[in-house]
Amino acid sequence: MLKEANICQVAIVSKQAKLLRDWYCHNFGFLYSNRTIFAGPLATRVQGIPKDINLCYWAIDGKRQFQLEFFNFISPNVTPKPKNWQHYDHGYNVIGIHTWDFEQTLTRLKCASATFLSTVQGSEGQRWVMILDPDGNHIELTEQDPLTEQIKQYDEIAATLRYVRMSVPDIEQAQQLWQSSFNLTKKTDITLPDYHDHTLFSAKTPQYQQCLLQGQGVLLELRQYSTPIPTPRLRTHNVTDQGIMNVAIGADSVAQWNHYFDNALAQQCTPNGKPLDAAIFKVMYVNEPNLENIEILYPRPWAYSITGFSPSGVFARGEIIINTDVTTLWSAITDHDNAAEWTFFSSKLTKAGDKEKNGLNAVRKIGLFGLSFNEHITNWLPNKSYSYQLQSKILLRDHQGIMHLSQCKEGIKLSWSIRFDSPLPGLGAINNFILSQLINNALKTLKNQLEKK
């Protein structure tokens with residue numbers, strides 16, 4: 001039986017793609033990944049536009065084989081959204097992002113002057129808010145996770161993209177296409193909140209048919225609106241249009257990719273050209289009968305660092321399960337003055353936090369390899385997670401460290417990740433190896449100390 005496809009990518013077209021990626025990484029805690037340039041006949045063959053030149057930037061949110069992709073087309077130029085565009089017009093038009101760190105995500109969005117379409121609604125644990133990103137793309141931010149059974153690869157990343165909404169002219173035809181081509185699973189036991197509609201459709205309650213399809217860690221929500229009437233796709237529509245370009249169907253092998261591609265053709269999808277196998281991936285864009293674009297992609301795991309499915313720069317990570325209680329473990333990892341007892345650097349608190357001594361906006365001075373740095377506590381969720389950043393940008397850029405606790409059967413799982421851009425190109429793998437060893441040795445030391453008590 002054909003395996004359920006993985007929705008492995010959501011692509012967004014922007015005139016300021018790099019800045020838009022920065023905005024998503026800063027506000028939701030997504031990790032920076034690679035970047036590249038697509039150009040020439042091969043890019044045209046895949047994307048279906050002449051004289052194709054575009055800058056591409058990636059970010060990841062911690063799911064297996066998933067990325068956000070940001071395109072800035074240089075040739076042809078990005079086509080701006082029509083002034084009369086509405087979020088219910090045909091096409092991909094809304095994304096849903098879940099965060100378990102709702103309060104501080106909200107604070108970052110406010111500091112970033114995000115456009116809020118609603119006030120925060122719902123009770124704690126089920127809060128939500130509607131915002132626009134800097135390009136005017138609609139985001140539904142939810143505290144409740146509609147896919148709680150999905151385990152993330154990096155569970156310390158506080159936010160994850162959970163659904164994409166697509167307005168279609170014929171929901172039965174669309175459901176048939178996505179299920180038959182890619183074996184997406186129809187979900188009847190999941191209900192995405194419809195209270196967002198009260199914000200988006202303030203004048204009149206919308207009328208629509210809905211279908212939820214699951215592609216592993218992402219839901220595709222199909223809606224056929226009867227009220228209000230959507231604007232159909234223009235015949236001139238192509239991938240350079242500003243906004244959500246498409247989603248990608250991810251395969252785990254060439255054989256699986258071939259199955260998905262052949263099934264899509266059987267559902268009257270039209271490829272832009274001959275499938276491209278470029279060693280690091282196999283790929284082709286196909287266009288469904290209603291002009292919507294779907295990417296079919298097999299990114300080979302050994303090349304994830306090239307194709308943007310793993311963090312860029314230096315990314316070191318470790319995790320361990322400690323047989324203790326969460327209060328004891330939290331106290332140990334947030335005691336900045338005594339961190340040297342178990343970790344690989346010396347530490348001294350130089351500025352107390354806003355409400356708690358070691359908490360949000362605290363500053364600690366650390367010593368490592370004869371050098372000293374100031375680190376700023378940037379995120380604080382007691383007994384669950386905290387983040388910190390190196391204040392100096394001379395040696396290490398875009399630095400972020402995250403410590404995260406989660407309950408499991410054997411005790412408390414502690415995850416610790418550190419990410420930064422190295423100033424010395426070519427040393428990423430070496431730095432990754434050394435830092436990963438240091439992190440894992442420190443975690444073992446902490447485990448021994450706490451389990452002996």
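The values are calculated or read from the model by the stated rules, or taken from the named source; none is laboratory data. Everything numeric in this text was worked out from a predicted model, so none of it was measured. For neighbour counting, all protein chains shown are included, and Cβ atoms are generated from backbone atoms with ideal geometry for every residue, glycine included.
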So in region 148-162, with the set limited to residues that are among the polar types (S, T, N, Q) and more than 9 Å from the chain's Cα centre (by Cα), which one is farthest from GLY318 (Cα to Cα)? THR148
Being surrounded by fewer than 17 Cβ atoms within 10 Å (Cβ to Cβ), among the aliphatic types (A, V, I, L, M) and in contact with a Ser or Thr (Cβ under 8 Å, 6 or more places away or on another chain) is the filter here; which residues of region 323-362 pass it? ALA340
Number of the exception - ALA339 against (1) among the aliphatic types (A, V, I, L, M); (2) assigned to a strand (DSSP E or B); (3) under 17 Å from GLN449 (Cα atoms): (2)
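So, of the residues in region 15-51 that are on the phi > 0 side of the Ramachandran plot and crowded, with 18+ Cβ neighbours inside 10 Å, which turns out to be nearest to the chain's Cα centre (by Cα)? It would help to see each step written out before you state the result.
First, pick out the residues of region 15-51 that are on the phi > 0 side of the Ramachandran plot: 29, 40, 48, 51.
Among the residues that remain, those that are also crowded, with 18+ Cβ neighbours inside 10 Å are: 29, 48.
Details: GLY29: 9, GLY48: 26 Å.
The residue in question is GLY29.
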List pairs: first in region 186-207 and within 15 Å of THR148 (Cβ to Cβ), second part of a loop (DSSP other than H, G, I, E, B), Cβ under 7 Å, 6+ apart or cross-chain? ILE190/PRO146; LEU192/PRO146
Unmet requirement for ALA59, which otherwise passes all of (1) under 23 Å from the mean Cα position of the chain (by Cα); (2) part of a helix (DSSP H, G or I): (2)
Of all residues making up region 63-84, the number that are in contact with a Gly (Cβ under 9 Å, 6 or more places away or on another chain) and either part of a loop (DSSP other than H, G, I, E, B) or surrounded by fewer than 20 Cβ atoms within 10 Å (Cβ to Cβ) (or both): 5
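Only one of LEU132, LEU117, LEU109, LEU55 is in contact with a strand residue (DSSP E or B) (Cβ under 8 Å, 6 or more places away or on another chain), within 22 Å of THR36 (Cβ to Cβ) and in contact (Cβ under 8 Å) with a residue 12 or more places away in the chain; which?
Details: LEU132 fails: within 22 Å of THR36 (Cβ to Cβ); LEU117 fails: within 22 Å of THR36 (Cβ to Cβ); LEU109 fails: within 22 Å of THR36 (Cβ to Cβ).
Just a single option satisfies the conditions, and that option is LEU55.
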I need every pair where a residue in region 379-395 that is basic (Lys, Arg) has its Cβ under 9 Å from the Cβ of a residue that is surrounded by 14 or more Cβ atoms within 10 Å (Cβ to Cβ) and modelled with pLDDT of 90 or more, sequence separation at least 6 or different chains. LYS384/TRP100; LYS384/ASP101; LYS384/VAL326; LYS384/TRP330; LYS384/HIS404; LYS384/LEU405; LYS384/SER406
Take the residues of region 342-372 that are of a type in the set (A, V, I, L, M, F, W, C) and not in a loop (DSSP other than H, G, I, E, B): which is nearest to the chain's Cα centre (by Cα)? VAL363
Close pairs from region 234-253: first at pLDDT 95 or above, partner among the basic types (Lys, Arg) and not in a loop (DSSP other than H, G, I, E, B), Cβ under 8 Å, at least 6 apart: ALA251/LYS282
For VAL247, which of the numbered conditions (1) touching a Leu at 6+ places or on another chain (Cβ under 9 Å); (2) of a type in the set (Val, Ile, Thr); (3) under 26 Å from LEU161 (Cα atoms); (4) surrounded by fewer than 21 Cβ atoms within 10 Å (Cβ to Cβ) fails to hold? (4)
